[in-house]
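Computed from the coordinates by the stated procedures, all read-outs in this text should not be read as laboratory data. Predicted model, so just to flag it, every value in this text is computed and none were measured. Cβ coordinates were reconstructed from backbone atoms using ideal geometry, including for glycine residues, and neighbour counts include every protein chain displayed.
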Amino acid sequence: MAKILAVNAGSSTLKWKLFDMPAEVQLAEGLVDRLGQPQSKVKIKYGDGQKYESDTPIANYQEAVASLMGNIKSLGLVEHLHEIIGVGHRVVAGGEVFAESVVVDDETLLQIQNLRDYAPLHNPVEADYIAVFMKMMPWATEVAVFDTAFHQTMQPENFLYSIPYDYYKKYGARKYGAHGTSVRYVSARAAEMLNKPLEDLRMIVMHLGSGSSITAVKDGQSIDTSMGFTPLAGVTMGTRSGDIDPSLVAYLMKKLDIPDVGQMIHILNNDSGLLGISGLSNDMRDLEAAEDTNPRAKLALDIFVNRVVKYVGSYAALMNGVDALIFTAGIGENGDEVRDKIMRSLGYLGAKIDNDINYKSHGVEADLSTPDSTVKTLLVPTNEELMIVRDVMALS
Ligand code: ADP
């Protein structure tokens, strides 16, 4: 049977999952951490809970891919590496060039590199990795799966900012969104769970993780999403501010004597959100643990819930109603208390959850709705890697 790899590469990490296809069985998952540093580590989980770890330093992308290939072979995950017929790569920015996943050739590789301005920390690294895989596994089909692609169905009234139109035409200044692969997976899965065609459903997907976004999905297509030109926009996140008035950037730069706007963007990306408000942690679990004794932890939680509720309300209005609400990602799948708090404000939509089910549901598919709820509320664990290998399979 064919094996397909899903790869999620960053500048210092390489995460991967190996699937047996078309059975869609996950055979292994691995991580190369702190690449380029003396303390680099390889961790692999496979079989029935077996683990492999190595501390051999990994200096660069070639060595990371060589170690991945060597380990897959030596752990017996494949007999021969040629069984891996395809590799799917998560690529952060596809701009307006890529509205769906594509087989990568030299030209597409160049286009991915050319989109670097949209994701300077991600696209160049991802393009470099794809090039290494193309060289080291020349028999495999390399496929790029874009975080932004699913949102390319948004119409101009939703993706344009109210700024001079030329900036869009000349510089691509618009909303692109993110988490598209996750939203595509969970919305399709939700339709299956509801036993209804995607075309008959208006859904709002709450992808709540360390990065969070809300997406309106109608007829299986993204109508609008809370992240913007970059994943900094939208709701409050672990360390990201979400939406703010841009004038505040100029004001704070003056007050804080920050000469470089990059430094200010860094603060909004890394020192803000739940961490910034609470001064305690970017992790929802820490805030919940401290909520009763630490007012700022409670405030951070309240603001998070408030922003999600506001986006959900605006998307229900945009779609003239909603048929299903979906919780996914780390907080959405496991944060029973957060789900409860959010849902307390959504009863007006006709969405009611059974808290006996809610407080028992963690990381597994569940219909949280009460029998009399006119809007369904579902917990659908995301699986971006499965979506990636499905795309590779379809394109191989
Ligand atoms: P990433 O965007 O890094 O993939 P995840 O989707 O894994 O993030 O979400 C990570 C976040 O999920 C953590 O920061 C934590 O706040 C949250 N989380 C995990 N488990 C729980 C839980 N039991 N209750 C509340 N929040 C949780």
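Summary table below
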item: Ranked Lys254, Lys352, criterion: other C-beta atoms within 10 Å, fewest first; result: Lys254, Lys352
item: Packing-based exposure ordering (other Cβ within 10 Å, fewest first) of Val103, Val261; result: Val261, Val103
item: Dipole moment magnitude, nearest 20 debye, region 242-361 about Cα centre, only Lys, Arg, Asp, Glu C-beta charged; result: 320 debye
item: Potential extension, Asn114-Glu29 segment - 0.36 nm per residue separation minus Cα distance; result: 27.6 nm
item: Förster-model FRET efficiency, 35 Å R0, Glu192 and Asp48, C-beta, rounded to 0.05; result: 0.80
item: Computed label-point distance, nm, for sites Ala317 and Ile163 using a 7 Å Cα→Cβ extension; result: 2.4 nm
item: Shape of region 142-209, Cα gyration tensor, a/c cut at 1.5; result: prolate
item: Semi-axis lengths, Å, the chain, gyration tensor of Cα atoms, sqrt of 5 times eigenvalues; result: 33, 26, 23
item: Tensor-based shape of region 296-371 (alpha-carbon gyration tensor, a/c under 1.5 rounded, otherwise prolate or oblate); result: oblate
item: Within the chain, helix-based [θ] at 222 nm, where runs of 4 or more DSSP H residues each add -39,500 (n - 2.57), nearest 500; result: -11000 deg cm²/dmol
item: Overall form of region 43-157 per C-alpha gyration tensor (a/c, 1.5; a/b vs b/c); result: prolate
item: Spin-label pair Asn60/Asp283, simplified geometry with 7 Å Cα→Cβ offset, distance in nm; result: 3.6 nm
item: Cβ-defined net charge surrounding Ile326, 14 Å radius [Lys, Arg +1; Asp, Glu -1]; result: +2
item: Efficiency of FRET between Arg296 and Ala250 - r from beta-carbon atoms, R0 22 angstrom, step 0.05; result: 0.25
item: DSSP beta bridges in the chain [antiparallel fraction, %, rounded to 5]; result: 65 percent
